[in-house]
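Below: one structure, written as structure tokens.
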């Protein structure tokens with residue numbers, strides 16, 4: 001059953017770094033697909049980083065659709081016409097968008113212009129798009145952007161530095177980020193293992209392995225697993241899994257196809273009261289009340 005669409009999704013953070021250079025982060029934690037509609041003129045280059053979930057771009061009044069998958073980045077630029085953002089953002093999706101004017105971009109990368117294909121002389125006036133996977137180094141910086149406090153002291157300077165680092169990693173993906181807080185994440189193999197851990201717990205969410213079993217399976221020490229997962233995804237392994245399960249529960253209830261006991265069983269709860277307690281703690285209401293609210 002198709003999920004209902006809510007009103008347009010507003011950015012969690014929208015920060016102007018400087019003239020012609022801004023960062024927007026979107027977090028759709030709702031159980032429904034949501035839309036983003038935003039004007040973007042022809043002078044701006046768009047970088048869309050899908051840190052989690054998936055997003056679909058709509059062009060030409062919906063006649064052409066372009067998916068952006070989990071842990072992928074899409075670069076869009078069309079100097080011939082405005083390219084507004086018309087996006088369908090799936091449930092449980094985190095998206096970071098960087099908008100930078102071509103003038104500002106040239107000032108940052110003028111010496112490297114020959115190495116950046118869409119800035120080459122033959123392509124400079126042509127539309128351009130590129131979709132590729134987010135590297136582990138980029139994922140670390142994106143996590144820092146997502147979890148930084150926008151009202152903190154020196155927030156704009158911190159964000160500016162992180163976006164510069166992100167763009168540098170985008171165009172030079174072999175460069176590693178330097179993390180004083182979690183230095184072993186400099187090794188991209190460690191980040192690959194932590195991503196694998198995330199995939200394992202999501203695929204086996206009804207019967208997840210213990211932390212020790214998970215660390216053995218991915219070939220990473222328990223300490224590195226716990227510290228690295230928290231650094232990369234902003235929460236502990238089991239908190240991440242619980243959030244995913246509760247968001248999935250809300251989608252199942254919202255579909256109208258399952259009752260509370262059926263959802264509890266699908267999520268691996270042998271006792272529905274444990275599921276009810278977890279759902280209420282997460283959303284402030286019981287599954288039954290939520291089910292009644294969406295079916296009324």
**OP:** Tally the residues that are within 17 Å of residue 32 (Cβ to Cβ) and loosely packed, with under 13 Cβ neighbours inside 10 Å, restricting the search to region 255-284.
**Re:** 2
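Do any helices (runs of 4 or more DSSP H) entirely within region 160-251 hold 2 or more residues that are in contact with a helix residue (DSSP H, G or I) (Cβ under 8 Å, 6 or more places away or on another chain) and modelled with pLDDT under 90, and if so, which? Explain how you work it out, then say what you get.
Numbers: elements: 188-203, 211-218, 222-233.
Fully inside region 160-251 and qualifying: 188-203, 222-233.
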**OP:** Only residues that are free of Cβ contacts under 8 Å to residues at least 12 places away in the same chain, over 23 Å from the mean Cα position of the chain (by Cα) and within 30 Å of residue 189 (Cα to Cα): list them for region 220-275, please.
**Re:** 221, 222, 223
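Conditions tested, residue by residue: (1) in a strand (DSSP E or B); (2) farther than 24 Å from residue 169 by Cβ; (3) touching a strand residue (DSSP E or B) at 6+ places or on another chain (Cβ under 9 Å); (4) not assigned by TED's automatic domain parsing to the domain that holds residue 126.
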| position | (1), (2), (3), (4) |
| --- | --- |
| 34 | yes, yes, yes, no |
| 49 | yes, no, yes, no |
| 58 | yes, yes, yes, no |
| 65 | yes, yes, yes, no |
| 75 | yes, no, yes, no |
| 81 | no, yes, no, no |
| 91 | no, yes, yes, no |
| 105 | no, no, yes, no |
**OP:** Return yes when residue 78 is out of contact with any helix residue (DSSP H, G or I) (no Cβ under 9 Å at 6 or more places or on another chain), over 30 Å from residue 244 (Cα atoms) and surrounded by 14 or more Cβ atoms within 10 Å (Cβ to Cβ) and no when it is not.
**Re:** yes
Original post:
Between a first residue in region 90-103 that is at positive phi and a second residue that is in a loop (DSSP other than H, G, I, E, B), which pairs have beta carbons less than 6 Å apart while being 6 or more apart in sequence or on different chains?
Top reply: 92/53
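The values are calculated or read from the model by the stated rules, or taken from the named source; none is laboratory data. The structure displayed is predicted, hence computed values, not measured ones. Please note: Cβ atoms are built from the backbone with ideal geometry, for glycine as well, and neighbour counts cover all protein chains shown.
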